[in-house]
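Since the structure comes first, as structure tokens, the remarks are kept for the end.
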Amino acid sequence: MERTFLYHALAAGVSGKITSPFQDLIEVQGASALPITGGYSASRVENFRYKEILSFRSATTLTIGSFSESKRKYNTLATVTIEGLNVLGAVTADRVVARLASSQPEEGGRPDVTIVGSHFENLQVAGYPLDVRPDLKRLENYRRPERAELRTLMNPPLLDEDCGISPHGDGAFEIPQVGKLYLIQFLSTPCYQSLTMLHLDLGCPVESGSQTGGVAAGHVASNGEFYP
């Protein structure tokens, strides 16, 4: 059997899960994904509102998988752009951009992975402007792990003592009576990588139950693997 590259790329705009005061699933808004053969997929959702809990003006996603004849590399790209995000009035952003690109040499070996372009515009948490930026140096000389690894690529911002939010050892920010906010989470596996720009694990009075629930915004994944 001829050796081939199996693409992996997906992008999800906004999704969520609520367990209290009612149980409901917020379907993925703006989803794009590629088959293992690569190609192009895009989606856009506008003026979304969920029970005065979550809203955004637009969410656009894009995934691309292609082979570069000149560089002899398999390239994958996944992007999400969310405008006018608002979660309970406690987490807002004019724009959230997630971008994850990877390049796999034809002969195999270590892929090049970058999240350059991923950023927040006017992110505010409990009314406090949070200047959060990705630490791009942490992906230099990237190597795939033998097992899944989850970490934050956030450069920790400086917080005023009276901002009302507090950092945690797991990389989250605690928002009183709202929940725990995780930013720029990077998942690395033996065959692909993913980036989630914003994940809010809701506490009371609106709850999500666990880290698998809550609200996620700006999720992308890319790369793939050779077969056989």
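The values are calculated or read from the model by the stated rules, or taken from the named source; none is laboratory data. Remember, it's a predicted structure, so these values are computed and weren't measured experimentally. Cβ placement follows ideal geometry from the backbone for every residue including glycine, while neighbour counts extend to all protein chains displayed.
Restricting attention to region 73-88, report how many residues are touching a residue at least 60 places away in the same chain (Cβ under 8 Å) and part of a strand (DSSP E or B). Qualifying residue count for the region: 9. Filtered by the rule that a residue be in a strand (DSSP E or B), without any contact (Cβ under 8 Å) to a residue 60 or more places away in the chain and surrounded by 14 or more Cβ atoms within 10 Å (Cβ to Cβ), region 113-132 gives 114, 119, 124, 125, 128. Residues in region 140-193 that are among the aliphatic types (A, V, I, L, M) and crowded, with 18+ Cβ neighbours inside 10 Å: 153, 154, 165, 172, 175, 178, 181, 183, 184. Only one entry of 59, 33, 78, 11 meets the criterion of being out of contact with any Gly (no Cβ under 9 Å at 6 or more places or on another chain), surrounded by 22 or more Cβ atoms within 10 Å (Cβ to Cβ) and within 20 Å of residue 222 (Cβ to Cβ), and that entry is 78.
What number of residues within region 46-72 are aliphatic (A, V, I, L, M), under 30 Å from residue 22 (Cβ atoms) and in a strand (DSSP E or B)? So the count comes out to 2. If you go through region 17-35 and keep only what is over 16 Å from residue 45 (Cβ atoms), among the charged types (D, E, K, R) and free of Cβ contacts under 8 Å to residues at least 60 places away in the same chain, you end up with just 24. Name the residue, out of 96, 80, that is of a type in the set (Val, Ile, Thr) and touching a Leu at 6+ places or on another chain (Cβ under 7 Å). Result: 96 is the single residue among 96, 80 that is of a type in the set (Val, Ile, Thr) and touching a Leu at 6+ places or on another chain (Cβ under 7 Å).
Residues checked against (1) under 19 Å from residue 14 (Cα atoms); (2) assigned to a strand (DSSP E or B); (3) touching a Phe, Trp or Tyr at 6+ places or on another chain (Cβ under 8 Å):
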position: 137; (1), (2), (3): no, no, no
position: 161; (1), (2), (3): no, no, no
position: 164; (1), (2), (3): no, no, yes
position: 174; (1), (2), (3): no, yes, no
position: 197; (1), (2), (3): yes, yes, yes
position: 205; (1), (2), (3): no, no, no
position: 222; (1), (2), (3): yes, yes, yes
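A count restricted to region 5-45 and to residues that are more than 30 Å from residue 109 (Cα to Cα), more than 18 Å from the chain's Cα centre (by Cα) and in a strand (DSSP E or B) stands at 4. In region 200-220, which residues are farther than 19 Å from residue 51 by Cβ and either surrounded by fewer than 23 Cβ atoms within 10 Å (Cβ to Cβ) or at pLDDT below 95 (or both)? Residues satisfying the conditions are 210, 211, 212. With respect to residue 145, is the statement that it is within 28 Å of residue 4 (Cα to Cα) and outside any strand (DSSP E or B) true? Yes; evaluated as a whole, the condition is true for this residue.
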